[in-house]
Amino acid sequence: MTAENTTAGSGDEFVPRTVLVTGGNRGIGRSIAEAYREQGHRVCVTYRSGEAPEGFFAVQADVTDSASVDQAFTQIEAEYGPVEILVANAGVTRDTLLLRMKEEDFTDVVDTNLTGAYRVVQRAAKGFLRKKFGRVVLISSIVGLYGSPGQINYAASKAGLVDIARSLSRELGSRNITANVVAPGFIDTDMTAVLPEETQAKYLDAIPAHRFGRPEEVARAVRWVTSDEAAYITGAVIPVDGGLGMGH
Ligand code: NDP
């Protein structure tokens, strides 16, 4: 194992952790799960629909349902013990302009992206306290910091994650628990593939790196911020956006 492959920046021994990635069956979540597995961690993923992804301890869960979240954690704990690194990645969009937005378009997106993150963080917190160790990453979006027309629901849900991370840092920071946000820009996944070509072209023009991001580029930032190298970073927002938000 090379120095790069350890979670300890001080040259300490590699400590495999129990990692949970919600929505780890595809897209960015899948890449995050693979990045942790590459390092030798015990990686669990939740999937909501479709097939369980191969090669991971996969449990079915819907983050809009606390009983389902609780059951997923119980299954993971029975196999590997408490979750030590939690990546709240599951998310949805339901884009439409304000005047056409139905109240359910707003509440459903918030229920998945924001309340869903609260549900998994709350369920994981008990285990963090028992273990005296916890790492949380909430997958937000540049849209949560910048706003975006047609995404009032999504932007609000993603902005809220920043203050979950910051308040959690203040509540539990003294217990060896960190909570950070990773805010991707435009990443090539199913979520962005459905956007009209014109929207994609506009984004491309605005991105200083002049390309879209790859899921694994988000995954590496997530993995790093939960490593021992980043143990003193909490309440931070880390953009992975090719410069689109200029650090915001
Ligand atoms: P995808 O649409 O490819 O994947 C979304 C994942 O979330 C799927 O695994 C999906 O499960 C899961 N999910 C959705 N709703 C629920 C639910 N109620 N309960 C459990 N799981 C659920 O999206 P991406 O990989 O692109 O996005 C991943 C995260 O990154 C999201 O939070 C997104 O908002 C964020 N993000 C993405 C960006 C991008 O450019 N792609 C940019 C910025 C942020 P299922 O397969 O069952 O549908």
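The values are calculated or read from the model by the stated rules, or taken from the named source; none is laboratory data. Please read these numbers as outputs of a predicted model, since none were measured by experiment. As a convention, Cβ positions derive from the backbone with ideal geometry for all residues, glycine included, and neighbour counts pool all protein chains shown. We work out accessible area using only protein heavy atoms, side chains counted, and drop any ligands, DNA or RNA first. Shrake-Rupley method; radii C 1.70, N 1.55, O 1.52, S 1.80 Å.
Given a 1.4 Å probe and the protein chains as shown, Lys131 ends up with an accessible area of around 90 Å². Net charge in the neighbourhood of Gly81 (other residues with Cβ under 14 Å of its Cβ; Lys, Arg +1, Asp, Glu -1) is +3. For the chain, the dipole from Cβ point charges (+1 on Lys and Arg, -1 on Asp and Glu) about the Cα centre works out to 640 debye, to the nearest 20.
Computed over the chain, relative contact order equals 19 percent, with contacts defined as Cα pairs under 8 Å that lie 6+ residues apart. The residue list Ile207, Gly173, Thr189 was ranked by how far each Cα lies along the charge dipole of the chain toward its positive end, using unit charges on Cβ atoms, and Gly173 comes out on top.
When every Cα-Cα distance of the range 36-152 is counted in 10 angstrom steps from zero, the calculated P(r) takes the values 13, 40, 30, 15, 3 percent.
Accessible surface of Asp190, taken over heavy atoms with a 1.4 Å probe and every protein chain present, rounds to 90 Å². Label separation (Asp70 vs Arg130): 1.5 nm, computed from points 7 Å beyond Cα along the C-beta direction.
Heavy-atom accessible area for Val194, with the other protein chains in place and a 1.4 Å probe, reaches approximately 120 Å². All C-alpha pair distances within the chain, sorted into 5 Å bins from zero, spread as 1, 7, 14, 19, 21, 17, 12, 6, 3, 1, 0, 0 percent across the bins. Largest accessible area first, the residues Ile238, Ile152, Ile32 order themselves as Ile152, Ile238, Ile32 under a 1.4 Å probe with ligands, DNA and RNA left out. Near Gln151, within a Cβ-to-Cβ distance under 15 Å, what is the net charge of the other residues, with Lys and Arg +1 and Asp and Glu -1? Net charge around Gln151: +2. For the range 216-227, 3J(HN,Hα) computed residue by residue from phi via the Karplus equation (6.51, -1.76, 1.60; θ = phi - 60°) reads 5, 6, 6, 4, 5, 5, 4, 4, 5, 5, 9, 7 Hz, glycine and proline entered as x. Here each label is just a point 7 Å from Cα along the line to Cβ, and for Thr107 and Glu13 those points are 5.2 nm apart. For Gln60, the residues whose modelled amide H falls within less than 5 Å of its own, excluding neighbours fewer than 5 places apart on the same chain, are Tyr47.
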